[in-house]
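These notes concern the structure reproduced below.
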Amino acid sequence: MTASNIISRITISLLAVLLLLTPASARNHTVFDVKSASTQLQGAVYFLNAVFEISLPPYILNAFDQGFDLPLAMEVEVFEHNTYWLDKKIVSIKQKYKLQYHTLLDTVSVLNVNAGSVHYYSTLKEALNGLSVVLNYPLLDNNALNSGERYSARLRIGIDETELPIPLKTSALWESNWNLMSDWLEWDINP
């Protein structure tokens with residue numbers, strides 16, 4: 001047995017022991033959670049209001065500190081309920097964000113990819129707090145809904161895996177679970 005084989009076996013054994021010693025609550029904690037969501041009709045437009053809880057695990061924080069951008073996405077869908085057929089999706093929005101750390105400025109920016117706007121924060125915690133509340137996000141025109149019909153919306157937030165930097169998608173140095181999304185939260189819309 002060569003020295004590299006021995007080192008590989010020791011490394012694998014140490015990683016297995018560390019995984020076993022990590023509490024289950026730390027390995028399986030909720031990273032993204034939709035705490036509340038609702039729509040409010042103002043004039044002829046329904047606006048979305050939502051509150052999220054975002055608690056990033058250490059391997060994501062480590063990648064962010066190493067200079068990797070963190071792509072996030074908020075997904076919203078609105079359905080018309082049909083009694084005798086499948087529900088009809090009438091709105092599907094994927095709002096994309098990109099968190100970036102700027103070493104020279106020691107700041108964190110949140111780029112709203114859809115709108116092209118940028119907000120700057122002193123810390124990642126402040127940036128995540130800013131993302132955790134959505135107020136008056138234009139969702140849907142009231143004219144798209146028929147009175148007497150039943151409608152519902154659902155919302156989730158998480159990492160946009162399609163926009164992850166390639167090293168994070170493929171590197172064995174990073175923990176492999178980057179497919180992190182909250183569960184859908186659903187609520188009724190009454191036209």
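Every number in this text was worked out from the coordinates using simple rules, so none of it is lab data. This structure is a prediction, so every number in the text was calculated from the model and none was measured. Counting neighbours? That spans all protein chains shown, and the Cβs are built from the backbone with ideal geometry, glycine included.
Would you kindly state how much longer the chain becomes between K35 and N136 on full extension, computed as 0.36 nm times their sequence separation minus their alpha carbon distance, in nm to one decimal? Each step should come with its number before you reach the end.
Values: separation 101, 0.36 × 101 = 36.36 nm, distance 1.65 nm.
Taking 0.36 nm per residue and subtracting the Cα distance, the gain is 34.7 nm.
Given H placed on each backbone N at 1.01 Å, which residues far from I90 in sequence or on other chains put an amide H within less than 5 Å of it?
Distant-sequence amide H within range of I90: V78, F79, E80.
Please list, in order along region 98-104, the HN-Hα scalar couplings obtained from phi with the Karplus expression 6.51 cos²θ - 1.76 cosθ + 1.60 (θ = phi - 60°), rounded to whole Hz, x for Gly and Pro.
9, 8, 9, 9, 10, 4, 4
Can you find, among N179, Q66, I157, the residue farthest towards the positive end of the dipole of region 54-183? Put +1 on the C-beta of Lys and Arg, -1 on that of Asp and Glu.
Value: I157.
What is the gain in length, in nm to one decimal, between N190 and S55 on full extension, counting 0.36 nm per residue of separation less the C-alpha to C-alpha distance? Walk me through the numbers on the way to the answer.
Details: separation 135, 0.36 × 135 = 48.60 nm, distance 3.26 nm.
Once the chain is fully extended between N190 and S55, it gains 45.3 nm.
For T123, project a label point 7 Å along Cα to C-beta. Then give me every residue of region 76-111 with its amide nitrogen under 20 Å of that point.
Of the residues in region 76-111, 99-111 have backbone N under 20 Å from the label point off T123.
Rounded to the nearest 0.05, what FRET efficiency do N82 and I166 have when you use their Cβ-Cβ distance and R0 = 41 Å? Write down the numbers at each step before the final one.
Values: r = 42 Å, r/R0 = 1.02.
Once the sixth-power term is evaluated, E becomes 0.45.
Can you give the translational diffusion coefficient of region 78-191 in µm²/s, computed by Stokes-Einstein from the Kirkwood radius over Cα pairs at 37 °C and 0.692 mPa s? List each step's numbers first, then the result.
Working: Rh = 17.1 Å.
Translational diffusion coefficient: 192 µm²/s.
Scan region 79-170 for chymotrypsin sites (Phe, Trp or Tyr not before Pro) in coil per DSSP, keeping those whose Cβ has at most 12 other Cβ atoms within 10 Å, and list them by number. Don't skip to the answer; put the middle values down first.
Numbers: sites: F79, Y84, W85, Y97, Y101, Y120, Y121, Y151; in loops: Y84, W85.
The qualifying sites are Y84, W85.
Once you charge only the Cβ atoms, +1 for Lys and Arg and -1 for Asp and Glu, what is the size of the charge dipole of region 116-169 about its Cα centre, to the nearest 20 debye? Mind showing how you got there, number by number?
Working: 5 positive and 6 negative charges, 35 e Å.
Using only the charged Cβ atoms, the result is roughly 160 debye.
Take the cross-link list K98/K125; K98/K169; K35/K125; K89/K125 and give me the ones stretching past 23 Å between alpha-carbons.
Details: K98/K125 15 Å; K98/K169 16 Å; K35/K125 18 Å; K89/K125 35 Å.
Pairs exceeding the cut-off: K89/K125.
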